[in-house]
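Worksheet: the structure to be examined is printed underneath.
The values are calculated or read from the model by the stated rules, or taken from the named source; none is laboratory data. Just so you know, these numbers come straight off a predicted model, no measurement behind them. All Cβ positions, glycine included, derive from the backbone under ideal geometry; neighbour counts span all protein chains shown.
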Amino acid sequence: MKYKELYRAAQQIMQNAYAPYSRFKVGAALLTKSGEVFTGVNVENSSYGAAICAERTAYVKAVSEGYREFEAIAVASSGGEAYPCGICRQFMFEFGEELKIITGEDEDHLHITEIKELLPEGFRLNKEY
């Protein structure tokens with residue numbers, strides 16, 4: 001799957017986000033190394049700490065289906081270009097330092113960054129898992 005297609009999938013799923021408080025909708029499309037795509041959206045809650053980001057939603061869906069190796073994740077938002085938050089960066093780092101992050105204003109202006117660039121001092125407690 002090309003990165004533009006992955007970004008389009010993130011844009012499409014973004015419409016399902018539940019963001020009544022921030023009005024900032026986010027969609028994510030996660031590509032496994034074997035070619036499957038898992039999508040996710042942000043889901044807010046009155047107890048704001050209970051909210052979950054689109055990136056972690058996509059990861060949780062993939063991991064719950066047995067996937068552990070990922071190539072790329074595209075992130076689209078209702079506010080234009082958006083990068084993963086700090087919690088999501090650490091969460092994604094857990095599954096590999098080579099993950100590509102794709103974001104941009106639109107599919108014709110994408111930026112591709114590796115997670116290790118966004119989180120240069122990320123850590124894993126058990127590197128052998």
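Quick look at the values:
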{"read-out": "Residue ranges of helices (runs of 4 or more DSSP H) in the stretch 1-114 with at least 3 members under 29 Å from L125 (Cα atoms) and of a type in the set (G, A, S)", "value": "54-64"}
{"read-out": "Hits in the stretch 87-123 - residues which are in contact with a Leu (Cβ under 8 Å, 6 or more places away or on another chain) and either more than 26 Å from A51 (Cβ to Cβ) or of a type outside the set (V, I, T) (or both)", "value": "R89, Q90, M92, F93, G104, E114"}
{"read-out": "Selected residue (only one of E44, E81 is touching a strand residue (DSSP E or B) at 6+ places or on another chain (Cβ under 8 Å), of a type in the set (D, E, K, R) and surrounded by 18 or more Cβ atoms within 10 Å (Cβ to Cβ))", "value": "E44"}
{"read-out": "Candidate set: the stretch 18-41, residues that are in contact (Cβ under 8 Å) with a residue 40 or more places away in the chain and crowded, with 19+ Cβ neighbours inside 10 Å; chosen: the one farthest from E98 (Cα to Cα)", "value": "K25"}
{"read-out": "Test: Y59 is surrounded by fewer than 14 Cβ atoms within 10 Å (Cβ to Cβ), out of contact with any His (no Cβ under 9 Å at 6 or more places or on another chain) and more than 20 Å from E107 (Cα to Cα)", "value": "no"}
{"read-out": "Output for the stretch 110-129, where each listed residue is exposed (fewer than 14 other Cβ atoms within 10 Å of the Cβ) and either modelled with pLDDT under 95 or in contact with a Pro (Cβ under 9 Å, 6 or more places away or on another chain) (or both)", "value": "P120, E121, F123, R124, L125, N126, K127, E128, Y129"}
